[in-house]
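Data first, discussion second: the structure below is written as structure tokens.
The values are calculated or read from the model by the stated rules, or taken from the named source; none is laboratory data. Everything quoted here is computed from the prediction, not taken from an experiment. Cβ coordinates were reconstructed from backbone atoms using ideal geometry, including for glycine residues, and neighbour counts include every protein chain displayed.
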Amino acid sequence: MEKFHWKVEGMTCSNCALSVHKFLEKAGMDDIAVNPISGTVDFSGKENYDLKSIENGINKLGYTVLQEGAAVAVSKSWLHSNKNRFLITLPFTLLLMLHMFHRWLPVHWIMNGWVQLALCTPVFVLGMFFFGKSAIHSLKSGAPNMNVLVALGAFISFIYSLIGLLYFNNNNYLFFETTASIITLVLLGNYLEEATLQSTQKALKSLLKSQKVMANMIAFDDKHQEQIFLIENTQLRNGDLILIKTGEQVPTDCKILWGDCTVNESILTGESLPLFKSKKDFLIGGSVFESGTVKAQVTATGNETILSGIIKMVQEAQSKKPPLQKLADKISAIFVPIVITVSSFTFLVNHFFFHIPIDQSIMRSIAVLVISCPCAMGLATPAAISVGLGRAARKGILFRNAGTLESFRKIKQIVFDKTGTLTTGNFEVEKYSSSLHEEQFKSIVYSLEKYSTHPIAKSIVKTWNNAVFIQWKKVEEIKGLGVKAEDNEGNRYLLGSKQLVNNEKNETTHDIYLLKNESEVGWIDIIDELRPEAKQIIEWFHKKNINTVLLTGDTKRKASMIADELGIQSIYAEQSPFSKMEIITNLNSNKPTAMVGDGINDAAALSKATIGISLSDASQLAIQNADIVLMNQGLTFLPFSLGIGQHTFITIKQNLFWAFSYNIIAIPIAASGLLTPTFSAMAMGFSDIMLAAISLRLFIKKII
């Protein structure tokens, strides 16, 4: 099944997205995800589909397919943008509005009905071409959009005025300026709405801008002399050599071969302090050199880079709907038919019950159509989520799905893994003892730990890298616990924690034991320093009345020492990966629980928590099972991730309150005749802009 990623322009709310979604469903597409804020449409195509007809169908709905994947954008006419449509209709509408000033200005010619018809017709034709065509196709798709209301209001006022001109030739029947003002003001509102909503994407745009830069590629001529070529980073391939100098942006992910530098990775991690990097260190594409010159080898390009992964994760999170949006979506889906019914009822009640003249009754009915705004309800959630996720991304906090933002407000306790989470993960061998010869002991331990991905194993390998490597007959890593192997003479070795080797001694236990043929032949104690921010983070959670728990595979002695130093309230020590998963399941059943971890042995437990949080230097498996990834390689922004989730949820509720209140109050006011269709059109545009402005407050709002 082929997957497609399209960019579609013109969608401004979930009602628009629903129209596209239903059209794709009718076309037989699967895995449909439509994001009205970013304008992305993802879907999978079954066999025997006509891609061109699908593209044309979306275009007929009033939107424009700009690209398929990385394809070049289609050519667009000048009339494509709402801004340009508005600029065309504005002069005609302003001239029509002069009739309101004919008593004070010498513009009596505007009172001529045929002049008004001539001025209104271009606006009406353009409006019907845009709003009318979109309305008809949205009705066909089974998801009527806001353009149905606009087109209906403009059409009724135009036809009523045309009949009045042809049969009565009386100014009391002419409302051509109403037709023109509805179309012109809605076009203006759409343009302002698009511009405002685009600002909610500014954090993501700043990341996207960092993807395309120039690179100094190193090549060699036929005399093997080094040459530097300036090329776009999109032309780089894995293995290429590049030169990066002070002030330049790292063009793509790479590994330093020569030189050293200080680099600012704040665009990715939110941490503004420069990092020192030298030979064999990795550089992240998009980061900026503050000083130094290096030669590096490209390790990833295009969609495989860390920056691309971040952008993709943010975009995917934006396209996923949190539970709170479901109510708004259900109401938006039936909103247009309800408004048309209310509008018809308004006309009937005003004219036949209150005996309001037919022209005024029609104007009130049109005002109801125009002031009603399904967009506001549809925008309430995605606008807030877009800003929340964008601000989080600028701090190096990546949410895998939008629902996590809402779930964060429920968290009552947080569980921390120890190694690499509360501690730095930079281990050192504190002491060791063995009945074997020292060099033999180191050689065996080194050769076993080479096969482990655990942070402790990596530290031992780094410390004892001068030891002689042993080729094992068989070797196997036991994830999170240790390694077992057999040598060519048939000796069986087991290296790992107390849980793995079943050490039942009553004396003080050690961190790692080595067994040969089931007999203990040595042990190692490891020291690991606490992260400098750990204590402050724990205290912050306590102030928020969130319980803290330490869950580790380490010994009870070490777990207690760390818990006492940090003030952690509960301890679960010497736990296997399976028991960690069970503990998180039990804790989560009692109260909503978040877990922070970074190891392979945390992956299953992370998936069982209400919210799983992983550090960027965690194992890939842990990151894949996490709901949130902290890119700054520490706990510094953990409170911010909780705060942005809570404040985003508050903003969503404020947006929904505004959207529902606006429609509940505005529709009766319009129905009572207190608002003309012209002012209704202005009010409708204002409602969307107001809602986007509420969302944009998240960019500057104090979070913690």
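Key figures
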| item | result |
| --- | --- |
| In the stretch 584-604, the residues that are in contact (Cβ under 8 Å) with a residue 60 or more places away in the chain and part of a helix (DSSP H, G or I) | 584, 587, 600, 601, 602 |
| Qualifying residue in the stretch 550-570 (condition: touching a Ser or Thr at 6+ places or on another chain (Cβ under 7 Å), assigned to a helix (DSSP H, G or I), within 27 Å of residue 401 (Cα to Cα) and not assigned by TED's automatic domain parsing to the domain that holds residue 479) | no |
| Filter pass, residue 617 being more than 19 Å from residue 405 (Cβ to Cβ) and at pLDDT below 85 | yes |
| From the options 535, 516, 450, residue that is closer than 24 Å to residue 593 by Cβ and not hydrophobic (A, V, I, L, M, F, W, C) | 535 |
| Count of residues meeting criterion [surrounded by 24 or more Cβ atoms within 10 Å (Cβ to Cβ) and touching a Phe, Trp or Tyr at 6+ places or on another chain (Cβ under 7 Å)] in the stretch 635-651 | 2 |
| Positions within the stretch 652-704 being surrounded by 20 or more Cβ atoms within 10 Å (Cβ to Cβ), closer than 22 Å to residue 381 by Cα and touching an Asp or Glu at 6+ places or on another chain (Cβ under 8 Å), in sequence order | 652, 685, 688, 692 |
| Those residues of the stretch 456-470 which are surrounded by 14 or more Cβ atoms within 10 Å (Cβ to Cβ) and within 11 Å of residue 428 (Cα to Cα), in sequence order | 456, 457, 458, 459, 460, 461, 463, 464 |
| Top-ranked residue of the stretch 55-108 - restricted to ones that are modelled with pLDDT under 80, assigned to a helix (DSSP H, G or I) and aromatic (Phe, Trp, Tyr), ranked as surrounded by the fewest Cβ atoms within 10 Å (Cβ to Cβ) | 78 |
| Residue match in the stretch 390-403 (condition: farther than 24 Å from residue 36 by Cβ and in contact with an Asp or Glu (Cβ under 8 Å, 6 or more places away or on another chain)) | yes |
| Condition met for residue 585 (among the β-branched types (Val, Ile, Thr), at pLDDT 90 or above and crowded, with 22+ Cβ neighbours inside 10 Å) | no |
| Qualifying residue in the stretch 168-177 (condition: within 30 Å of residue 334 (Cβ to Cβ) and either buried (at least 24 other Cβ atoms within 10 Å of the Cβ) or polar (S, T, N, Q) (or both)) | yes |
| Some residue of the stretch 41-52 being among the hydrophobic types (A, V, I, L, M, F, W, C) and modelled with pLDDT under 75 | no |
| Every residue from the stretch 280-298 that is small (Gly, Ala, Ser) and closer than 17 Å to residue 213 by Cβ | 285, 286, 287, 296 |
| Subset of the stretch 109-147 (residues that are farther than 18 Å from residue 180 by Cα and part of a loop (DSSP other than H, G, I, E, B)) | 142, 143, 144, 145 |
| Unmet requirement for residue 610, which otherwise passes all of (1) modelled with pLDDT of 85 or more; (2) among the polar types (S, T, N, Q); (3) over 29 Å from residue 266 (Cα atoms) | (3) |
| Enumeration of residues in the stretch 425-443 that are small (Gly, Ala, Ser) and surrounded by 15 or more Cβ atoms within 10 Å (Cβ to Cβ) | 425, 434, 443 |
| Count of the stretch 134-167 residues which are closer than 17 Å to residue 22 by Cα and either buried (at least 19 other Cβ atoms within 10 Å of the Cβ) or touching a Lys or Arg at 6+ places or on another chain (Cβ under 7 Å) (or both) | 12 |
| Selection within the stretch 519-549 - crowded, with 16+ Cβ neighbours inside 10 Å, outside any strand (DSSP E or B) and either among the basic types (Lys, Arg) or in contact with an Asp or Glu (Cβ under 6 Å, 6 or more places away or on another chain) (or both) | 531 |
